[in-house]
1. With the Cα gyration tensor of region 174-271 in hand, give its eigenvalues times 5 under a square root as the equivalent ellipsoid semi-axes, listed largest first in whole angstrom.
2. How long is the gain from residue 270 to residue 257 if the chain were fully straight, where each residue apart is worth 0.36 nm and the alpha carbon distance is subtracted?
3. Cα atoms only: what Rg and Dmax, in Å, come out for region 4-270?
4. Report the paramagnetic label zone for residue 59: residues of region 107-126 whose backbone N is under 18 Å from a point 7 Å from Cα along the Cα-to-Cβ axis.
5. Sort largest first and round to whole Å: the equivalent ellipsoid semi-axes of region 1-152, each the square root of five times a Cα gyration tensor eigenvalue.
6. Please give the contour-minus-distance gain from residue 16 to residue 30: 0.36 nm per residue of separation, less the Cα-Cα distance, rounded to one decimal in nm.
7. List the residues whose amide H sits under 5 Å from the amide H of residue 38, counting only those 5 or more places along or on another chain, with H placed 1.01 Å from N in the peptide plane.
8. With a ≥ b ≥ c the root eigenvalues of the C-alpha gyration tensor of region 63-162, is it rounded (a/c under 1.5), prolate (a/b larger than b/c) or oblate?
Amino acid sequence: MIEENKIPNNWWREGYFFGKRYFYPDNSKDGYLMNQKETLEEKTKRESEGIIKLLDLEKGSKILDAPCGYGRHTIMLESLGYDLTGIDIDKEHLLKAQNDSIEKKVIPTLLKRDLRNIETDLYGQFDATINMFYSFGFFQNEKENVQVMKEFYNSLKPDGKLLLHTDVSPEMIKNNTTIKQSIRELENNHRLIILEDYNPTTKRMEGSWETTDAIGNVIFPRAFYSMRIYSANEFEEMAESVGFKDIEFYGSFNGEHFNNKSKEMIMVARK
Ligand SMILES: C[S@@+](CC[C@H](N)C(=O)[O-])C[C@H]1O[C@@H](n2cnc3c(N)ncnc32)[C@H](O)[C@@H]1O
């Protein structure tokens, strides 16, 4: 079990866990889902095409990517003909997203915003809002996590849809369909060493990342995180409590329903 006192309360703040320390080792050669080898590029393509399929979005639709990280879905979806706004709290991520956009010759809107207060200029603007890859439950105070769900609701046009995706949930831990401790092989024989544990008392996944070279020299020292993880029932209740309706759970981007073999959980809900 990770010692809780090693995890800073606002571990998600700029310049601690996220930034280069996160996006460098996120580019793994090993894959991200259990027994499923795929590159970051292949994963991003699979997810982006799945988002369009599950949300049934017409080209040109306005999509909010919250948080967008270093922009992998924002850029891919913009390249596929959608109108993207990506928001994130981390400047280094936004800068990488901007540079990668220039390289791919696309111009998404990129804004530095806090998920708890996306600001009213973004209210009622979007046909869809996406929350990708284990990006919900940062905050210790449950009210703040609910506030993020409310901001997703606020971002949408009437009838707009939210898609929330994670590869970690209490069901997946119980059914053993999520990867826990792992060493991921990176470019140049570098390695990402992930140590993590689910704490059933706090209902949080507590963990840390360290990046080393092939012989164990540290490139990015160990940094800690703690995410509240939610079951499908908990997500459904929270989404309903802020006003969402027609809530569905999928177990992959192919569209089958979430079940005890699923390696991903995708909630789609309507405003
Ligand atoms: C796990 S990454 C995922 C990013 C992206 N969705 C993806 O799939 O690559 C989580 C992101 O959440 C951002 N983040 C953390 N706390 C935030 C906050 N309070 N407001 C906005 N963004 C935040 C981090 O900066 C990071 O880019």
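Only the coordinates and a few stated rules stand behind these numbers; no lab work does. All of these numbers come straight from a predicted model, not from anything done at the bench. Methodologically, a virtual Cβ is constructed for each residue, glycine included, from the backbone with ideal geometry; neighbour enumeration extends over all protein chains shown.
1. On the way: eigenvalues 217, 52, 30 Å².
Calculated on Cα positions only, the semi-axes equal 33, 16, 12 Å.
2. Details: separation 13, 0.36 × 13 = 4.68 nm, distance 1.71 nm.
That works out to 3.0 nm of additional length.
3. Here Rg and the maximum Cα pair distance are 17.5, 55 Å.
4. Flagged as within label range: 107-108.
5. Working: eigenvalues 115, 84, 48 Å².
Over the Cα atoms of region 1-152, the semi-axes work out to 24, 20, 15 Å.
6. Working: separation 14, 0.36 × 14 = 5.04 nm, distance 2.48 nm.
So the extension gain works out to 2.6 nm.
7. Those lying under 5 Å, H to H, from residue 38 are 31, 32.
8. On the way: a/c = 2.10, a/b = 1.38, b/c = 1.52.
Oblate is the answer for region 63-162, as a/c is 1.5 or above yet b/c matches or exceeds a/b.
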